[in-house]
Amino acid sequence: MSRLAIIKVLLNLLFIILLLGLLNLGLTQSKKYKELSSKNCVRLISQSGARGNILDREGNVIVDSKLSYDVLILPQGSLGDVEEVLAGVARILGTSLKNIRDAYRNGYLAPSVPVKVAGNITVRQAIALEQEKIAMPSIIIQPRPLRHYPFGSLAAHVIGYVSEIDQWRLDKLADYGYKTKDQVGFGGLEEKYDYYLREEEGGLSVEVDHRGSFVRVLGFKQPRNGKDIKLSLNLKIQKLAEEALGGRKGCVVMMDPSTGEIIAMASSPSFNPSSFTEQNNAELSSYFSDTESPFINRAISGLYPAGSVFKVIVATAGLETKKLNLSTSWVCQGSLNIGKQKFKCWETHGRQDLIQAIANSCNVFFYHSGILIGAKTVHDYAIKFGLSRNTSFELPYEEAGFIPSPLWRKLNKFKNWYDGDTANLCIGQGDVLVTPLQMARVMAVFANNGYLVTPYIVKGVDNKDISSYQQKIINLHLKQDTLNYIREGLRGVITTGTGNVLSTLTVPVAGKTGTAQAPPGQPHAWFAGYFPASRPRFVLCVFLERGGPGYFSCLAAKQIIEGMISEGLL
């Protein structure tokens with residue numbers, strides 16, 4: 001073939017390919033490109049609803065939303081120079097022109113899309129800007145619900161806070177309608193119940209031309225508010241609990257022993273959730289740099305040795321297995337030699353039986369008891385009381401804790417278990433780790449006659465009572481004598497023992513103190529108990545991190561109970 005003939009064939013082939021391509025676009029792909037063209041001429045201008053409210057057990061508002069105002073500028077609506085409009089906004093708001101200009105440049109998408117240049121302005125500033133609309137018609141003042149915390153930091157760890165979604169959450173939640181720049185919950189109920197609390201976005205659908213200029217309104221979708229959540233929390237008692245902590249590191253848990261309802265849950269140090277909605281950078285920076293970890297809810301995420309509060313589990317194991325009874329006694333001379341080590345008691349108690357040993361928190365009695373009962377049995381009863389696993393509480397980031405055993409030691413550390421390990425276990429030391437919520441749950445077993453309850457804090461969602469679904473109660477099938485004997489010991493703690501600072505209250509209290517060693521610093525202070533002792537309505541656990549002897553937790557518990565009496569809550 002000649003060169004000319006080859007060129008003619010190639011041209012014909014190219015023409016055929018081009019023709020087939022045009023036929024493909026015109027016939028098979030026309031619907032696709034028509035849809036893309038339609039979408040390209042439609043703009044959505046969003047409007048937010050309000051996030052759901054959070055209420056206490058009496059219906060009092062803990063968290064709601066207040067009306068905030070954002071300043072937007074419609075680029076195509078400017079009658080004059082955009083720079084003049086930006087300067088006018090900066091002047092009225094009393095902020096720098098650079099900040100307003102940067103916000104405009106960073107937020108600009110198209111001539112028909114309003115650009116947010118300032119947020120959360122005051123009502124007075126909004127009115128002043130509205131008065132300038134004759135001269136600057138491109139200014140839009142858009143109302144927007146903003147999360148509002150009327151009590152500041154009160155119950156902050158229960159509530160959590162709201163902030164812009166991060167990449168980790170966006171990756172997980174994109175399939176559920178979450179998108180970049182969404183405001184979502186972090187920590188507490190704001191995170192756990194975000195799906196119910198979050199609002200449904202609405203707004204305007206407008207048509208624009210090929211230049212992006214506004215043509216007409218196509219439709220409007222009314223935004224919807226999120227669902228309200230009602231808690232078992234009592235605001236008055238919550239306030240008393242936080243006041244009793246007095247800024248010290250620690251936490252307070254109060255619950256209904258019959259149902260598991262959380263009546264108060266305080267953790268210190270705390271934070272103010274408003275800092276996130278108001279973008280208070282100075283406060284936020286101080287929180288994130290604070291070595292005391294103010295965002296940790298110590299009631300459910302703090303892991304600590306249980307100290308002497310753990311002795312009620314050892315006593316239960318001994319009575320249930322008949323290794324202990326009321327006549328069992330040992331002489332406390334202030335210490336006990338086990339192997340080559342001397343294990344100390346905090347005092348020389350003399351001869352102690354079970355009831356006296358609980359009341360006086362005698363370590364020597366429980367060293368003997370633990371060795372007699374056996375570490376495996378003590379471990380198994382601790383598991384029975386719900387330790388070493390989550391309580392199934394609603395709030396996120398609950399820790400499970402840990403109870404060691406001879407088998408664990410063998411499998412994980414390849415070491416033998418000795419009587420000294422059992423001695424440490426039986427006074428809540430060694431490798432024992434628990435949360436204050438877990439110890440409140442343990443104490444509830446003796447307050448409610450032998451039932452292990454599941455703690456919960458949400459009573460209702462969207463005006464629907466869900467309490468019956470939340471209550472999960474397990475009968476531990478403990479002997480009545482076991483419960484009665486330990487109750488007697490717990491009452492003795494208050495009347496004659498280590499918690500006698502509570503004996504002056506007009507309401508009878510029963511409970512157990514604890515001083516948990518945590519070298520090299522000060523010990524942790526524990527008190528876990530219930531009241532009124534004869535017909536318990538409340539379980540109270542007070543924990544002070546590095547707070548010293550359990551006596552100081554008793555003082556905080558006394559302050560709370562006295563406050564409840566004076567407020568008529570008992």
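We did not get these values from a lab; they are worked out from the coordinates using the rules stated. Keep in mind that what you see is a predicted model, and the values were worked out from it rather than measured. Cβ atoms come from the backbone with ideal geometry, glycine included; neighbour counts cover every protein chain shown.
Over the chain, DSSP H runs of length four or greater, each weighted -39,500 (n - 2.57), average out per residue to a 222 nm ellipticity of -10500 deg cm²/dmol. The stretch between Asp182 and Leu109, if pulled fully straight at 0.36 nm per residue, gains 24.5 nm over its current Cα-Cα span.
Axis angle, to the nearest 10 degrees, between helix 3-23 and the longest C-alpha principal axis of the chain: 60 degrees. Protection proxy ranking, highest mean first, for peptides 10-20, 374-384, 116-126: 374-384, 116-126, 10-20, where packing is the per-residue count of other beta-carbon atoms within 10 Å, averaged.
Looking at the range 51-157, the GluC sites (Glu not before Pro) that sit in a DSSP loop and have at most 11 other Cβ atoms within 10 Å of their own Cβ are Glu58. Pairs with C-alpha atoms separated by more than 30 Å, drawn from the list Lys472/Lys512; Lys249/Lys479; Lys342/Lys410; Lys192/Lys376; Lys236/Lys344; Lys311/Lys413, are Lys249/Lys479; Lys192/Lys376; Lys236/Lys344. If R0 equals 56 Å, the separation of the Cβ atoms of Arg91 and Gln522 corresponds to a calculated FRET efficiency of about 0.50. Could you give the angle, 0 to 90 degrees to the nearest 10, between helix 363-373's Cα long axis and the longest principal axis of the Cα atoms of the chain? The helix 363-373 is inclined about 90 degrees to the chain. Using the Karplus relation 6.51 cos²θ - 1.76 cosθ + 1.60 with θ = phi - 60°, the per-residue 3J(HN,Hα) values for the range 441-448 come to 5, 4, 5, 4, 4, 7, 7, 10 Hz, with x marking Gly and Pro. Each peptide in 137-148, 327-338, 437-448, 552-563 receives the mean, over its residues, of other Cβ atoms within 10 Å, and ordering these scores from highest gives 437-448, 552-563, 137-148, 327-338. Fully extending the segment from Ser503 to Ser468, taken as 0.36 nm per residue of separation minus the present Cα-Cα distance, adds 9.0 nm. Rounded to the nearest 20, the size of the Cβ-charge dipole of the chain about its Cα centre is 1320 debye, with Lys and Arg at +1 and Asp and Glu at -1. Taking log10 I(q)/I(0) by the Debye sum over Cα atoms at q = 0.07, 0.13 Å⁻¹ as calculated from this structure, the corresponding entry among (1) -0.47, -1.52; (2) -0.56, -1.23; (3) -0.42, -1.37 is (2). Only one residue of Asn484, Gly499, Phe531 has its Cα farthest out toward the positive end of the dipole of the range 235-566, where Lys and Arg carry +1 and Asp and Glu -1 on Cβ, and that residue is Asn484.
Per-residue packing, averaged as other Cβ atoms within 10 Å, sorts the ranges 424-434, 288-298 into the order 424-434, 288-298, beginning with the highest. Here the 3J(HN,Hα) profile of the range 157-174, calculated from phi with Karplus coefficients 6.51, -1.76 and 1.60 at θ = phi - 60°, is 6, 6, 6, x, 8, 10, 8, 5, 4, 9, 5, 4, 5, 4, 4, 7, 10, 4 Hz, Gly and Pro shown as x.
Inter-part distance, the range 306-328 to the range 238-285, computed on C-alpha centroids, equals 34 Å. The magnitude of the dipole of the range 235-566, with charges of +1 and -1 set on the Cβ of Lys/Arg and Asp/Glu and taken from the Cα centre, is near 1080 debye. Projecting the Cα atoms of Leu129, Asn60, Thr316 onto the dipole axis of the chain, where Lys and Arg carry +1 and Asp and Glu carry -1 at the beta carbon, places Thr316 farthest toward the positive end. By the rule of a C-alpha distance below 15 Å, with chain neighbours fewer than 8 residues away ignored, the aspartates and glutamates paired with Lys230 are Asp56, Glu58, Asp64, Glu190, Asp194, Glu261, Glu394, Asp462, Asp465.
Couplings 3J(HN,Hα) for the range 243-260, derived from phi with the Karplus relation 6.51 cos²θ - 1.76 cosθ + 1.60 (θ = phi - 60°), are 5, 5, 5, x, x, 6, 5, x, 7, 9, 10, 10, 9, 7, x, 7, 10, x Hz, where x marks Gly and Pro.
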